[in-house]
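To keep things clear, I will list the structure first and then write my remarks on it.
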Amino acid sequence: AVVSTQSTGVMVKMTDLVHGNYWMWERNKFINRKYKMQEMYQNYVTGDPDWDLPKEIDPFYEDVTDHVLIGQAQVHLKCIGYLIGFEESIIITDFEAKERGYLEVQIVPLKPDGTPITDDDEDYFVEDPSELVGKSLSYELRIVGAKGLPSRISQDVYCDFRMYLDEEDTRTPTVSSMNPDWTFSRTYHHNPVTEQLVEYLSEEALIVRVWGKQRLERVKSCGNLTTRQLKSLNEKEKINQVMKKMASTPGNTDMAVTMRKVDL
């Protein structure tokens, strides 16, 4: 399941077993592709000479230059209701809840003249966010950058998000790096503040999605391996990576050696 800026939905993961790249398909896309795959297979079985389709209409093909979702970060907004600044590195997680890096975010509450509110500005002290109802509120949201993104998906990286009542996503520029520096900011003004806004800031989190393009890695010769053989090969490579990591960790050497003796 993947959480978007709007809702949670079930996705299907499609993996290129030769290059290791992957794409996430929505339900309708998967169903359409599935029927086309069945038709393609049926044409192959019946000996249709045109069963092998060009990549433009091949249901098994995905363009490696398309952006894929690296992961998303949840930015809690409660600090805005208290006119308190926020600066944090937030974990980016993928659809399997695996850590994919860190997103650097800042939230800066602003005075009416547009200058930042600091800890020394006692006149702007807020004990309860409900005190803001009927008043004006301004703040700046900064998406500074990200750290430690996967090297495989580090081309043309950008973020997008949808703040309170926004009808369209706000998007940062693209940067090709494992540690992109966007230095992106957007200022928000609310006049007057409503009870609905106070509730949103107190209870909701802003979902920031991080997107990137995958590299087409150089692959070993796979010959005429079947899908089952390719899957088995990929699983063995994953296990070998785990064993190497275990062998390099003090106290795990004996266990790693034992695992290597198992006939995979």
To the nearest 10 Å², what's TRP25's accessible area with a 1.4 Å probe?
10
For PHE125, what accessible area in Å² do you get when you roll a 1.4 Å probe over the heavy atoms of the protein chains, rounding to the nearest 10?
150
Could you give me the ³J(HN,Hα) list for segment 171-187, computed from phi with Karplus coefficients 6.51, -1.76, 1.60 and θ = phi - 60°, whole Hz, x at Gly and Pro?
10, 7, x, 9, 9, 8, 5, 6, 10, x, 10, 8, 6, 9, 9, 9, 9
Over 19 Å between Cα atoms, which of LYS78/LYS147; LYS78/LYS98; LYS34/LYS98; LYS78/LYS135; LYS147/LYS213; LYS13/LYS98 qualify?
LYS78/LYS147; LYS78/LYS98; LYS34/LYS98
Probe 1.4 Å - accessible area at ARG215, Å² to nearest ten:
90
Label-point gap, in nm, between THR194 and ASP120 - each point 7 angstrom along Cα→Cβ
3.8
Residue separation times 0.36 nm, minus the C-alpha to C-alpha distance between GLN74 and ALA205: what's the value?
46.6 nm
Using each residue's phi in segment 140-151, evaluate 6.51 cos²θ - 1.76 cosθ + 1.60 at θ = phi - 60° and report the 3J(HN,Hα) Karplus result to the nearest Hz, with x for Gly and Pro.
10, 9, 10, 9, 6, x, 9, 10, x, 6, x, 5
With the dipole of segment 67-152 worked out from charges on the C-beta (+1 for Lys and Arg, -1 for Asp and Glu) around the Cα centre, which of ILE117, GLY85, TYR102 lies farthest toward the positive end?
TYR102
Given a 1.4 angstrom probe, I'd like the percentage of the accessible area of segment 1-126 that is carbon and sulfur, rounded to a whole number.
51
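In Å², what does the accessible area per residue of segment 65-115 work out to with a 1.4 Å probe? Let's see the in-between values first.
Details: 2540 Å² over 51 residues.
It amounts to 50 Å² per residue over segment 65-115.
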Cα gyration tensor category, rounded, prolate or oblate, for segment 1-146 with a/c compared to 1.5
prolate
Among 179-188, 148-157, what's the highest-first ranking by average C-beta atoms within 10 angstrom per residue?
148-157, 179-188
Calculate the spin-label point distance for GLU56 paired with LYS111, positioning each point 7 Å from the Cα along the beta-carbon direction, and give it in nanometres.
6.1
Here segment 121-138 yields Karplus 3J(HN,Hα) values (6.51, -1.76, 1.60; θ = phi - 60°; whole Hz; Gly and Pro given as x) of 8, 5, 5, 9, 5, 10, 8, 9, x, 4, 5, 7, 4, x, 9, 9, 9, 9
Carbon and sulfur atoms account, in whole percent of the 1.4 Å probe accessible area of segment 155-217, for 41
Ordering MET24, MET178 from largest to smallest accessible area (1.4 angstrom probe), what's the sequence?
MET178, MET24
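The values are calculated or read from the model by the stated rules, or taken from the named source; none is laboratory data. Given the structure is predicted, the values throughout are model-derived calculations rather than measurements. Here Cβ is always computed from backbone atoms with ideal geometry, including for glycine, and neighbour counts include all displayed protein chains. Remember, those area values only see protein heavy atoms, side chains included, never the ligands or the DNA or RNA. Shrake-Rupley method; radii C 1.70, N 1.55, O 1.52, S 1.80 Å.
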